[in-house]
Amino acid sequence: MAIEPINPRTVKRSTVVAIALGAAFIYLLFHIFIIQTVKFEKYQEKVINQMTTESSIKASRGTISDYHGAIMATNVTAYRVFISPRGIAQAENRTSLDSFFFKDRFGISEEEKESGLTHTEFVANGLSKILGVDYEYVLKQTTYTSYLDRTVARDVDADLAEKVRHFIANNDLQDEVYLEAVETRYYPYSSLASSVIGFTTSDGVGVYGLELQYNKDLKGTDGKYVTARDSSGKEMPYEYELYSPSQDGYNITTTIDVAMQAVLEEQLNTTLKESGAVNRACAIIIDVDTFAIKAMATAPGFDLNDPWTLDEYFNLELNYPGFDENSEEYKQLKKELLQKMWSNKAIGESYIPGSTFKILTTA
């Protein structure tokens, strides 16, 4: 039986298909090669980031004390309140299914049932009322379901933290709302030596004074805690964990004497009021034997525990032009006055030396 010849058009099509498949195969091999070699570190980092969660272990910031050991800057425990957007979303889905199939929502508190809010709205509303945080802000944080946690409030005191704990316990929110104890900067003497000590941001970074000058020594080195998680966000066994301890910052002892500092500031504030000076007042007390600075003050001072609030002296200057509080002029003036209030006049501005220059003249 004679074999029929293959149609040339079939051969041509087969050849084209074979070439296309071969080219695609070579293209894939080439990209696999690039991924395995040139871009290996990039994709490896992506995989690690998807599988692990790194938590920072904050180092304890060093203290600042006077010459006799009186603590002028230290740390106290505050709390960070944060939520699990994914946990809230999962609870929302459960309550929605309960409502659809059983005409009611099971596994939730009577308080939530009576609120008439969705589960997400109930959580956001409860936290905003307890913490005094804007409701819309809290509600927005619940939408970031690709994040493991979102911060709702920082520097929460113990009383409010206890209210949050009750809110969590009473409404079974253990997998949705969390509290984390953190350290925050605290100044026991409030405004004493404010322009000398300076202050930190909410993240513990020095902004002014000694807090800024010695920030590198005071802040210490943060540690880290790395945990592996599965696709559901649950932690994997402990053998996948990595722990690196933190190293606390150094403590600093100054030459300041708090007793002398307090007397100097009292005298300066009295002088400022009696003289009606328009550009503050400043003074320095120096040990004549060692030239150590025993006190340095600028009046008026400011509350180191609330540095973003203008004192009475600068508030009068802020309100004098009559700007609307929402105007750009008002905001700009307030910014300038804050900078002025924080600055150390004794070393930051030029002034006429007066009688102190007579020593040089005599010499």
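Subtracting the Cα-Cα distance of Lys140 and Val16 from 0.36 nm times their residue separation leaves 39.1 nm of extension gain.
When Glu92, Glu180, Glu136 are compared by accessible area of protein heavy atoms, the largest-first order is Glu136, Glu180, Glu92, using a 1.4 Å probe.
For every other residue with a beta carbon closer than 14 angstrom to the beta carbon of Phe323, add +1 if it is Lys or Arg and -1 if Asp or Glu, then tell me the sum. Residues close to Phe323 contribute a combined charge of -3. Computed with every protein chain present, the accessible area of Leu212 is close to 90 Å² [probe 1.4 Å]. Summing Lys and Arg as +1 and Asp and Glu as -1 over all other residues whose Cβ lies under 12 Å from the Cβ of Pro245 gives a net charge of 0. Distance from the Cα centre of segment 273-315 to that of segment 61-81, in angstrom? Their Cα centres are 21 Å away from one another.
Between Asn305 and Ile347, the contour length at 0.36 nm per residue exceeds the Cα-Cα span by 12.8 nm. If you take every residue apart from Arg154 with its C-beta less than 14 Å away from the C-beta of Arg154, what net charge results, scoring Lys and Arg +1 and Asp and Glu -1? Residues close to Arg154 contribute a combined charge of -2.
The values are calculated or read from the model by the stated rules, or taken from the named source; none is laboratory data. This one's a predicted model, so the numbers in the text were calculated from it and none came from an experiment. All Cβ positions, glycine included, derive from the backbone under ideal geometry; neighbour counts span all protein chains shown. Accessible surface is based on the protein model in full, side chains and every heavy atom, while ligands, DNA and RNA are left aside. Shrake-Rupley method; radii C 1.70, N 1.55, O 1.52, S 1.80 Å.
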